[in-house]
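As C-alpha cells, the structure follows; a few thoughts come after it.
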6 protein chains.
Amino acid sequence: MKELSHLDKEGKVRMVDVSEKSSSKREAVARGSVHMKPETIQLIMDNAIAKGDVISVAKIAGIMAAKKTSELVPLCHPLNVTTIVVEITVEEARSVVDVEATVKTFGQTGVEMEALTAVSVAALTIYDMCKAVDKEMFISDIMLMEKRGGKSGEFNRK
Amino acid sequence: MKELSHLDKEGKVRMVDVSEKSSSKREAVARGSVHMKPETIQLIMDNAIAKGDVISVAKIAGIMAAKKTSELVPLCHPLNVTTIVVEITVEEARSVVDVEATVKTFGQTGVEMEALTAVSVAALTIYDMCKAVDKEMFISDIMLMEKRGGKSGEFNRK
Amino acid sequence: MKELSHLDKEGKVRMVDVSEKSSSKREAVARGSVHMKPETIQLIMDNAIAKGDVISVAKIAGIMAAKKTSELVPLCHPLNVTTIVVEITVEEARSVVDVEATVKTFGQTGVEMEALTAVSVAALTIYDMCKAVDKEMFISDIMLMEKRGGKSGEFNRK
Amino acid sequence: MKELSHLDKEGKVRMVDVSEKSSSKREAVARGSVHMKPETIQLIMDNAIAKGDVISVAKIAGIMAAKKTSELVPLCHPLNVTTIVVEITVEEARSVVDVEATVKTFGQTGVEMEALTAVSVAALTIYDMCKAVDKEMFISDIMLMEKRGGKSGEFNRK
Amino acid sequence: MKELSHLDKEGKVRMVDVSEKSSSKREAVARGSVHMKPETIQLIMDNAIAKGDVISVAKIAGIMAAKKTSELVPLCHPLNVTTIVVEITVEEARSVVDVEATVKTFGQTGVEMEALTAVSVAALTIYDMCKAVDKEMFISDIMLMEKRGGKSGEFNRK
Amino acid sequence: MKELSHLDKEGKVRMVDVSEKSSSKREAVARGSVHMKPETIQLIMDNAIAKGDVISVAKIAGIMAAKKTSELVPLCHPLNVTTIVVEITVEEARSVVDVEATVKTFGQTGVEMEALTAVSVAALTIYDMCKAVDKEMFISDIMLMEKRGGKSGEFNRK
C-alpha cells in the first residue's frame, strides 16, 4: 500500500531515514509560471532590453533559495547541491514569465524539493518586483518535470 | 507612468526607500492550492482523521517561512510581523489542498510577500510529504486575496 | 479559564495576534546550569586562568542564539532586542557552570523566549567544548527568573 | 591527559580538525524534560485528545533546530543528517513532558550536539506554548543517552 | 576616557544597551575596492556590455548580506533597514571594481555595520566570480564614508 | 581563453556544475588587516592583557561566518568544512590587527571563499567593537595566501 513520506505508523511526523541508502548522482527539473497583465510583461521586457536587473534578481533568488530548502521544508534532508541552474523566459504571447530550475547532487536523497523551491522563490521575486503595477498576478503550475537517480528511478512528466 | 518596484531610472536594482513612509497597521491575505490525485487526497484525509501531523507540519512550515521572507526575496524589507495564521483545507471534491495565509504588521511596508511566502512554503511542504505517492502534483493559483493599510489602500481580489 | 498560547478554539496552531498591543519596554532574565564532573570543572577553570576562550565562546553563542529565537521557536514573534547580556559563572563547589541571560526590547511582545534561548544555547556550547572529556554532563533548571513590562506585569521567581 | 575540545595548546578556540577522520555511520540519542504544574500538563493532554497541534509544533521545532546545530553551536562541524526523530511523551504522574531525539548521519563527526539541540529547542517550544499559564516551568536533565559510531566508540548512559 | 563598545568594565563582552536611546533616522555610506588584473577587469566589462549578470549578482549579494548583519557580527543589534542601495563601478584605469553601499533605517542604533557588510559581501561575490582567472585579486579600503543620525552626530570621511 | 566562473555562454549566471569533479582534500588560507589609530590598537591590547573578549569575539565571528559562506556568496556551493582556524594578531608597530583564516574540507569544490569570508567577518567584528572610538578604521588586503587540493593545483601568493 502506498504511504505518505515522513510519517510513522501512527501518522506522526519523522524524517525519512536515508542512512541505509547509497549515494548516487541525482537530478531534478521543476517548472512554474507567473501570470500577469500584458502591460506588466511589457515592463519586464523593457527592463531586459535596457540591460536591467529584473530577471537576474529572480534567478539569484531562486539559486539562493534552493540552498535553503532544508531550512524551509521541515522534513527535507540537508544536502550539498553540485549545481543549480534557473532559467527565466518571458512569454509575451501567453502573458507569463516561465521559470525552470535544474538541480543536481551526489547524495542519499533526491533534489525535487530543491528544484521546486528554486522555482517558487524565483516566482515570488518576480511577483515582488511587479506588485506595484499589477496586484492580480498569480503563480501557477509549479511542478516536477524530470527526476533522475536514486532507487525510485526516472520520472518524466508527460 | 507605472513602473516596476525596486529599480532605479536605469532599470538597475535597489530596495525601495521606505524611510519617509509612516508606520501603519497592515494586513495581507494570500491563497494557493496543491492539486493531487484523489488517492493522495484520501491519504491526507486519513492522516487527519488519525490525528496525524501532515496538516500541522505544513502550517508550521508556512508560519516559519513568512518570518524568513526578507531572507528569501532579495528586495523585501525586513519587518516584525505581529501575527501569521495559516489555514489548510482539504477539498476532496476538487481534489486539492487549499492554503490560506493571513499576515499582519505595524510598519512602513506591506506584508503581501510574507503572506505569499507562507502559502508557497506550506504548499511545498504538503508536496514534500506526498511526493512518494504522487509525482504529478502541482501547485497553482498562488495569489493575493486582500490587502489593507498603507498608502496604496485596500485591495480585494474579485 | 486559562488557556495555552498560540492556539485557536479548536486547539490548532496560530501565532498570537499582538497587533493591538502597545509597545513598551520589556525585560526578561533566565537561568540554567550545566552539571559536570569536578575534573571537567577544573579544566574550564584552568582555561579561564590561562586567558582561554571557553567562557567567551559560550557567551557569544548565547547572544547570537537570542537573536535567532523567532527562527527556532515556531510561534515566537520576531523582534529587535535592545540588549543581550550573558553571564557565565563556574561554581566549583557545586560542580556546575551557571548561565544567566538578560534580554531587553521595546516592543509588543516579551523577551522570555529570547532569554531562555540564550541560556540553552550557551549551555549547549559549554557541553560541546567539554564533551570529549565528560559524556555524563547534563543541563538542568533552565527557567525564567524575572520578567518586566507588558500587560501581564512583573514576574519574580521565588 | 584529558583535554577540552576545540582548543589549541594555549586554550584558544579553534574547530577540531576532522579532515583525517574517516566517515562512518553515527547515531546519538538525547533526552530532556519540561517540568510544569499538573494543570498545565492537563491542558497539553486535552489539546492532544482534541487533535490539537501542541506536540506536533514542538516535534517539528526540534527537527528543524537539529538541522541548524552548526549555526548555533560555534565550533560544531556542519554535517548532513540522514534522519532526525523527536518523540514527545506527556508523563502525567511526574507532571513532566519528556522529549527524546535520535539523530543519524554518515560522516566524520558525531551527532550528539544535533540530538541535544533538537531536545533543547523542542523543550523551549513547549515552554513557549505554555508560558501564558505557567511561568514556573523549568527544563531539566538534557543529556546524552546513547552514542554509536566513530573512533570514541559506544556510549550508553546508565 | 574613550572605550571600546560592547564591553563591560572587566573587558567582557555584552551588547551595548540601546534601550534608552530614542529612535531616529539614520544613514550610513561605506566603500571598498576589489583590485584585479587588467585582463580580469576587461572580462567584467565585456560581461556588462553583453548584458551579463556579474554586476547584478554582486549587488544583490550585498543587499541580502546587509539584512544578515546582526547574524554575522555577534554584537550588532537587529534592526529593520528601510533601504539598501549598492553601487558597483568598474574603474578600468585603476584596475579596480569599486563598491559603495548606502543603508538607512529608523531606529535606536546606526547602520554603519550594515553598510560595511554589504560592501564586504558584494566584494567577496565579485572575487568569487573572477577567482578562476585571477587568484591574485585583493579587497581593500573597506571603510565608512558618511554617517548621519543618532547622538554621535554626523561623520564625513575627509 | 580564460573565462569568469558561474556564467553560461551568454554571460548569464549559473552555479558551476561540479557534479563530475571527484572529491579530494582541499585547504585554503586567507588574510586581511584592520588598520586603526595607535590609540585604538592600544585599547585592544589592554583588553587582551585584561583577559578581555575582543579577540575571541572576532575569531568566533569568523568561524561562524565561514560556515555561512554559501548563504552569503550567491553562487558558492554548500560544503561541509572539516576545520576552520582563525588567528588574530595585534601588530602594534604597523597599527593594524591582522586576521588569518585556514579552512579545510573533503569535497568537490575549494574553500577559498570560506577562508576569505572568515577573514572579512572577523575584520568587520573588530571594526564593530572599535567603531565608537575610531571611525577612520579601514579593512585592507583581504586576499588568498595559499590553496591546495583540487584540479587547479596549488597556489602560493608570493
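Brief remarks on what is shown
- Residue-level analysis places residue A:53 among those that are among the acidic types (Asp, Glu), within 9 Å of chain B (Cβ to nearest Cβ), touching a Ser or Thr at 6+ places or on another chain (Cβ under 9 Å) and under 18 Å from residue B:11 (Cα atoms).
- Members of the stretch B:104-147 found to be assigned to a strand (DSSP E or B), under 13 Å from the mean Cα position of the chain (by Cα) and more than 9 Å from chain A (Cβ to nearest Cβ), listed by number: B:104, B:145, B:146
- Total residues in the stretch D:4-47, condition at negative phi and in a loop (DSSP other than H, G, I, E, B): 18
- Any hit, the stretch E:90-97, residues being crowded, with 24+ Cβ neighbours inside 10 Å, in a strand (DSSP E or B) and at the interface with chain B (Cβ under 10 Å from one of its Cβ atoms): no
- Single unsatisfied condition, residue F:109 versus (1) surrounded by fewer than 24 Cβ atoms within 10 Å (Cβ to Cβ); (2) over 23 Å from residue D:106 (Cα atoms): (2)
- Scanning the stretch C:148-158 for residues that are buried (at least 16 other Cβ atoms within 10 Å of the Cβ) and either of a type in the set (S, T, N, Q) or facing chain D (nearest Cβ under 7 Å) (or both) yields one hit, C:155.
- Residues in the stretch E:78-87 that are surrounded by fewer than 24 Cβ atoms within 10 Å (Cβ to Cβ) and either more than 7 Å from every other protein chain (Cβ to nearest Cβ) or assigned to a strand (DSSP E or B) (or both): E:83, E:85, E:87.
- Among the residues of the stretch E:121-133, the one identified as closer than 17 Å to residue E:48 by Cβ and surrounded by fewer than 22 Cβ atoms within 10 Å (Cβ to Cβ) is E:133.
- Residue check for residue A:71: assigned to a helix (DSSP H, G or I) and of a type outside the set (A, V, I, L, M, F, W, C): yes
- Some residue of the stretch A:40-52 being surrounded by fewer than 17 Cβ atoms within 10 Å (Cβ to Cβ), polar (S, T, N, Q) and within 16 Å of the chain's Cα centre (by Cα): no
- Test for residue C:64: is it part of a helix (DSSP H, G or I) and away from chain E (no Cβ under 14 Å): no
- If you go through the stretch C:10-46 and keep only what is within 11 Å of chain D (Cβ to nearest Cβ), β-branched (Val, Ile, Thr) and under 30 Å from residue B:88 (Cβ atoms), you end up with C:13, C:16.
- Residues that are among the β-branched types (Val, Ile, Thr) and free of Cβ contacts under 8 Å to residues at least 60 places away in the same chain within the stretch F:1-45 comprise just one, F:41.
- The listed residues are E:48, E:93, E:66, and the only one of them that is out of contact with any Leu (no Cβ under 7 Å at 6 or more places or on another chain), free of Cβ contacts under 8 Å to residues at least 24 places away in the same chain, over 20 Å from residue C:86 (Cβ atoms) and aliphatic (A, V, I, L, M) turns out to be E:93.
- Residue that is nearest to the chain's Cα centre (by Cα) [pool: residues in the stretch C:16-33 that are under 14 Å from residue C:152 (Cα atoms) and surrounded by 17 or more Cβ atoms within 10 Å (Cβ to Cβ)]: C:28
None of the figures in this text is laboratory data; all of them are computed from the coordinates on show. Only a predicted model underlies this, so the values are computations on that prediction, with no experimental measurement involved. Methodologically, a virtual Cβ is constructed for each residue, glycine included, from the backbone with ideal geometry; neighbour enumeration extends over all protein chains shown.
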